Amino acid sequence: MTERAYGYEADGGELQFRLMTMDDLDTIVQIEKESFAAPWSEEAFRAELTQNMFAKYMIMEQDGILLGYGGMWLIVDEAHVTNIAVREPYRGKGLGEKLLREMMRTASWLGMLRMTLEVRVSNEIAQSLYRKLGFYGAGLRPGYYSDNGEDALIMWAELVPEENAGTEIAGAAEGERSS
């Protein structure tokens, strides 16, 4: 797999965005456990990377330290965010917003017109970020979360190609998937 890193300056050095690889899985599983009541397993991520032709998973790192990741499924012209998380010590610094913006640019660059995600109805912090980036509520999924039966708010955003022109995307070319 050919990989191009791309990024921009942030506190402490340049943020880099690239495709997730199998070598990232130990750290990704740690972040999952820090971030979610019902974390995905290593096997789930392994299947996403090797068997799901619709999946794109990105890593955000700085100075070689993996800070966060995000995943999405690209189906027809819609990107469905499967997960997004930042390591606990790096939260509250705007990195989640930078990661989601990069995911939106990537999805747009790959021809997606809209992006959707689910978020816990109680997670006002995440909902506020999503609204800031143009997402709006479009319905509920009752009992969506298996750990406590909480409802999920379904949110959508239109992706605007003009805002994303000229962005280089890591591993965006067809066939650049690890197997």
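The numbers here are math on the coordinates, done by the rules we state, and not lab data. Predicted model only: the values in this text are computed from it and were never measured. Neighbour counts are summed over all protein chains in view; Cβ atoms, including those assigned to glycine, are modelled from backbone coordinates with ideal geometry.
Results, tabulated for the structure shown:
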quantity	calculated
Relative packing of peptides 73-85, 127-139 - highest average C-beta neighbours within 10 Å first	73-85, 127-139
Prolate/oblate/rounded label for the stretch 46-91 (Cα gyration tensor, a/c 1.5)	prolate
Label-point separation, A44 to D151 (7 Å along Cα→Cβ), nm	2.3 nm
Prolate/oblate/rounded label for the stretch 11-53 (Cα gyration tensor, a/c 1.5)	oblate
Share, in percent, of DSSP beta bridges within the stretch 26-137 that are antiparallel, nearest 5	85 percent
Cα gyration tensor category, rounded, prolate or oblate, for the stretch 83-144 with a/c compared to 1.5	oblate
